[in-house]
Structure formats: structure tokens, C-alpha cells
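Engineer: Below is one structure. I have some questions about it.
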Amino acid sequence: MDDLLAQLQGLAQTCRDGEEFRKRALEGFGLEALAGLLGSELREAQAFFQRVRENPTDEGGLALHPQAVRLREECRDLAAELANLVFQHDSLVTELIPALEAEYLAKLGPGRTRVLELQLENRRLQRRIEAIQACLNRGRVPDLERIDQALEEELSAWTEEVARQRRQVEKARQALVEPMPVAELRQIRSLYRELVKLLHPDLNPVTPERARLWLQVQHAWQQGDAQGLELLADLARRLEGRATWEETSALDRLTAERDRLKVHVQRVAARLQELKDSFPCDHQERLADPGWVEEQDRENRKVLELELRSREALQGRLRLLLEESCV
């Protein structure tokens with residue numbers, strides 16, 4: 001815009017009157033470039049020409065068209081809203097959701113892991129009984145070592161699931177007893193919020209350098225790396241990128257930028273609401289309710305009791321089969 005202003009001021013000095021200035025400006029720069037500054041029909045060309053001729057040193061002779069001013073303000077407001085939504089979304093994904101998952105696992109995970117372990121044990125007992133019974137039905141002596149080896153392969157997915165559940169519960173416990181210091185968490189949030197405004201592709205011109213930095217920012221944010229974010233913020237500040245709507249005065253392009261930002265705001269807001277309405281965010285109030293947690297524990301204990309009874313019955317049946325195979 002500053003370059004265009006200087007060129008128009010120079011042009012005005014060479015024209016005989018406002019009409020010549022209007023025609024030559026239109027020929028030289030095109031309606032799109034001038035519309036936001038002189039009006040869609042260049043109605044303000046005469047006034048601008050007159051101001052420049054009366055005071056050649058006045059650098060404020062050109063003002064944005066009122067509609068362009070309004071569109072830029074809308075773009076700035078939408079950009080601020082989008083940056084805030086992006087920050088909320090990413091904070092939810094990297095902070096609240098992991099914290100809620102850890103709390104859920106710490107409070108309910110041990111009991112459910114125990115149920116899973118018993119279910120695996122009972123499934124192994126049931127399959128062992130079936131394999132031994134099949135051998136006896138064919139009049140063969142069961143090869144217990146071979147049967148157990150086959151069962152380990154068959155139930156490997158179940159075994160891995162139980163191990164994974166145990167690891168998750170232990171990780172949840174560690175996460176709850178080793179929280180990040182408040183001061184460091186605030187620093188990370190502040191840096192990330194700034195970097196969203198400086199680098200997010202929906203808010204800034206896309207360049208290879210900016211895209212590369214944004215990927216690094218995402219990684220540092222997920223890792224809680226305050227020093228890494230500080231370094232990336234220093235690099236991002238040096239880019240000095242300007243938003244698309246600040247680089248144009250054409251009303252149609254400003255309108256397109258405003259509409260584009262509206263779409264992104266709606267998209268991120270919908271994604272944010274979807275996360276809030278799904279697990280584990282929809283369990284936040286329940287996890288804070290001791291009564292609900294106790295109710296879940298009671299239900300879990302009922303399932304556990306059933307699995308224990310099933311295990312006792314299966315063990316009894318297995319003993320009988322093994323005695324029969326030895327006769």
C-alpha cells in the first residue's frame with residue numbers, strides 16, 4: 001500500500017487535472033488495486049489529486065475506503081478469534097485430554113486391568129480345556145507343552161492388550177504425581193499462543209520456512225519444551241510476515257479473505273466442540289464426582305467377582321480332565 005501511495009502521489013504531480021489523474025491511475029494500476037483506496041468507481045480520485053497538488057509533502061493524502069477499513073477490521077477480529085480457537089483446541093488435545101485420560105486410568109484403570117487379566121486367564125483355561133478334550137475325544141494323550149505353546153501364540157493379542165493396559169495405568173500414575181510447574185506451564189502457553197499468531201497457516205502467508213517452523217512448534221508444544229518454543233519464537237519474530245488482508249486494499253480480495261477466515265473459524269470451533277462432547281472431556285464432571293467413581297468401582301467389582309467364579313469353575317473342570325487323561 002505504501003508503494004502504491006508513493007506512485008499515486010508522483011502521478012498526481014504530473015497530471016493536469018483530476019480527470020487525467022483518474023484515467024492514468026486506472027490504466028496504470030487497474031481497478032482492483034485502486035478500489036479499496038479511491039472507491040469502487042474511483043470517486044475519491046479528484047479529492048486525492050487536489051490534496052496532493054495543494055500540499056505535495058502531505059503523506060496522509062490517501063486513506064482507505066471506508067468499506068475496506070471495515071473489512072480489515074472484520075479480518076483482524078476473525079483472525080484473533082481463530083488464533084484463540086486454535087490455541088483452545090491444541091491445549092485441549094495436548095493438556096486437558098491427556099490429563100483426563102490419566103485421571104480416568106488412575107481412578108478406574110487398576111480395577112479394569114484386573115478384570116482384563118482374569119478374562120485372559122479364563123480364556124486361556126477355556127481353550128486349554130477344549131484342546132485337551134479334543135485330544136481325549138480322539139483317544140490321544142494330550143501334549144500339554146505343545147497345547148500351551150499354541151495357546152500363547154493364539155492369545156498373544158490378548159496378552160499384549162493386558163500389558164498395554166498395565167503400562168497405561170503406570171504412565172497415568174506418573175503423570176499425576178509429576179505435574180509440570182505452574183510457571184513453566186504458563187510460559188509454554190504464552191509462547192505457543194504467540195507462535196499461533198505468527199506461524200499458523202490459516203493466519204499467515206505460507207512459506208517453506210514458516211511451514212517448517214510450524215511443524216517444529218507443534219512438536220515442541222506436544223513435548224512441553226519451553227526452551228524449544230522460546231527459540232522458535234525468536235526465529236518466528238524475525239520473519240515479520242504480514243497477513244494477506246494487510247497486503248491488499250481491493251474490496252473483493254478483502255471480502256474473500258474475510259469469508260475464508262469465517263470458514264476456518266467455523267471449522268475449528270466445530271472440531272473443538274466435538275472434542276468437548278466426546279470422551280474423555282465428557283467425563284470431566286463425572287471424574288470429579290466421588291459418588292460416580294465409587295459406582296463404577298462397584299460395577300467393576302461385580303464383574304470381577306463373576307470372573308473369579310468362572311475361573312474357579314474352569315480350574316475344577318481342568319483338574320478333572322487332567323486326571324482323566326492320566327488314567
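The values are calculated or read from the model by the stated rules, or taken from the named source; none is laboratory data. Keep in mind it's a predicted model, so treat the numbers as computed, not measured. Heads up, the Cβs are rebuilt from the backbone with ideal geometry, glycines too, and the neighbour counts pull from every protein chain shown.
Engineer: Considering only the range 214-255, how many residues are under 30 Å from residue 26 (Cα atoms) and either among the polar types (S, T, N, Q) or modelled with pLDDT of 90 or more (or both)?
Structural biologist: 4
Engineer: Name the residue, out of 88, 46, 50, 67, that is modelled with pLDDT of 90 or more and in a helix (DSSP H, G or I).
Structural biologist: 88
Engineer: Across the range 151-187, which residue is nearest to residue 115 (Cα to Cα) among those that are loosely packed, with under 14 Cβ neighbours inside 10 Å and of a type in the set (Gly, Ala, Ser)?
Structural biologist: 163
Engineer: Just to confirm my filter: which helices (runs of 4 or more DSSP H) fall fully inside the range 124-201 and include at least 3 residues that are assigned by TED's automatic domain parsing to the domain that holds residue 219, more than 30 Å from residue 88 (Cα to Cα) and not charged (D, E, K, R)?
Structural biologist: Working: elements: 144-154, 156-177, 182-199.
Answer list for the range 124-201: 144-154, 156-177.
Engineer: Spot the failing condition for residue 295; the list is (1) surrounded by 14 or more Cβ atoms within 10 Å (Cβ to Cβ); (2) over 30 Å from residue 88 (Cβ atoms), and only one is missed.
Structural biologist: (1)
Engineer: Scan the range 124-151 and report the pairs whose first residue is within 14 Å of residue 319 (Cα to Cα) and β-branched (Val, Ile, Thr) and whose second residue is assigned to a helix (DSSP H, G or I) and at pLDDT 90 or above, with Cβ atoms within less than 8 Å and a gap of 6+ or a chain change.
Structural biologist: 129/314; 129/317; 129/318; 132/147; 132/318
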